[in-house]
Amino acid sequence: MHFGVLVFPGSNCDIDCYKAVEDTIQQTVEYVWHTETDLSRFDAVLVPGGFSYGDYLRCGAIARFAPVMGALQEFAARGGYVLGICNGFQILTEAGLLPGALLRNQSLKFRCHSTLLRVENTQTAFTSLYEPGEEIDIPIAHGEGNYYCDEETLAELRRENRIVFRYAGENPNGSIDGIAGIINRAGNVLGMMPHPERAVHLRLGSDDGSRMFAAILNAWRETHGAAVNR
C-alpha cells in the first residue's frame with residue numbers, strides 16, 4: 001500500500017504522520033508538496049496538522065486553494081482513503097470534502113493534552129479495529145478545534161452515522177454534540193481534530209492510534225483481495 005503525506009508551508013505534523021505509517025504498518029510512504037497535481041500513485045493520503053500558510057485569514061482557508069487540493073478532490077472522488085488530522089480536518093472542511101467548520105476553542109485557549117475519545121462508528125475503513133463505544137486515548141493540540149455545523153447538517157450526520165468520534169467526558173473545545181471526528185457519505189474521507197499519529201507507541205503515552213493505521217491497511221487489503229491480519 002502506498003501512502004502520501006501532504007506538506008503545506010507551515011505543516012508541522014507531516015513527519016509524525018510519515019513515521020506513524022512507517023513504524024506501525026511498514027508501508028511505503030512519501031511526502032507530497034502542496035504544488036503537486038497528481039495523486040494517482042497513492043492508495044491513501046494523509047492531510048497533517050500544523051499551521052498551513054500560517055493560518056492567515058482562517059485555518060485551512062488558503063491551503064484549500066493549493067494545487068494539490070484539486071488532485072485530492074479527484075482522489076477522494078475515485079474512492080481513495082483520505083485522513084485529515086487537526087489542520088488537515090480544517091482544510092477538508094474548507095475544501096468542501098466534509099461539512100461544517102472549525103471555530104476557535106470555546107475557552108479561547110490553545111489546548112494540548114491527552115483526550116479520551118469514544119468510538120461511535122466502527123463500520124469505517126479507519127475504525128474497524130476498535131470496539132463500538134470503546135474509549136481511546138488520543139492527544140489534541142489545537143486552538144480552533146470547535147466543530148460547528150447547522151442543525152440540519154447535525155441531524156444528517158446523526159442519521160447517517162457519520163459521527164465517528166465524540167469526546168468522552170470533557171469536551172475540550174466546545175464542539176457541537178461533542179464531535180471530534182466525522183466521515184463523508186462515501187466513507188473514504190475522515191476528518192478529526194485529535195492526533196492518532198501521536199498515539200502509536202506506549203512510550204508516547206498511548207498506542208491507541210496505531211489501530212487506525214492498521215485498519216486502513218486492512219481495508220485496502222480487503223478491497224484488493226489480499227490476506228488480512230486482524
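Every number in this text was worked out from the coordinates using simple rules, so none of it is lab data. Remember, predicted model here, so these are calculated numbers, not experimental data. So basically every Cβ, Gly included, is an ideal-geometry build from the backbone, and we count neighbours across all protein chains shown.
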Next on the checklist: In whole Å, what are the extents of the chain along the principal axes defined by its C-alpha atoms, from largest to smallest?
Outcome noted: 45, 38, 37
Item to check | Normalised per residue, the volume of the convex hull around the Cα set of segment 177-226 (Å³) | outcome: 85 Å³
Checklist entry - Each residue of segment 202-219 in order: what ³J(HN,Hα) in whole Hz does its phi give by Karplus 6.51 cos²θ - 1.76 cosθ + 1.60, θ = phi - 60°, with x for Gly and Pro? => result 4, 5, 8, x, 6, 10, 5, x, 4, 5, 5, 5, 5, 5, 4, 4, 4, 4
Checklist outcome for this item: To the nearest 0.05, the calculated FRET efficiency linking ILE15 and ALA101 through their beta-carbon distance, R0 being 25 Å, is 0.35
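For segment 112-230, take the alpha-carbon Rg, divide it by the Kirkwood Rh, and send me Rg/Rh. Walk me through the numbers on the way to the answer.
Details: Rg = 14.3 Å, Rh = 14.7 Å.
Expressed as Rg/Rh, it is 0.97.
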Next on the checklist: If I take the Cα coordinates of segment 43-146 and project them onto the principal axes, what are the three extents in Å, biggest first?
Outcome noted: 38, 38, 19
Checklist entry - With +1 on each Lys and Arg Cβ and -1 on each Asp and Glu Cβ, how big is the dipole of the chain about its Cα centre, in debye rounded to the nearest 20? => result 60 debye
Item to check | Where Rh is the Kirkwood radius over Cα pairs, Rg/Rh for segment 116-184 | outcome: 0.95
Checklist entry - Within segment 94-148, which trypsin sites (Lys or Arg not before Pro) sit in a loop by DSSP and count at most 11 neighbouring Cβ atoms inside 10 Å? => result LYS109
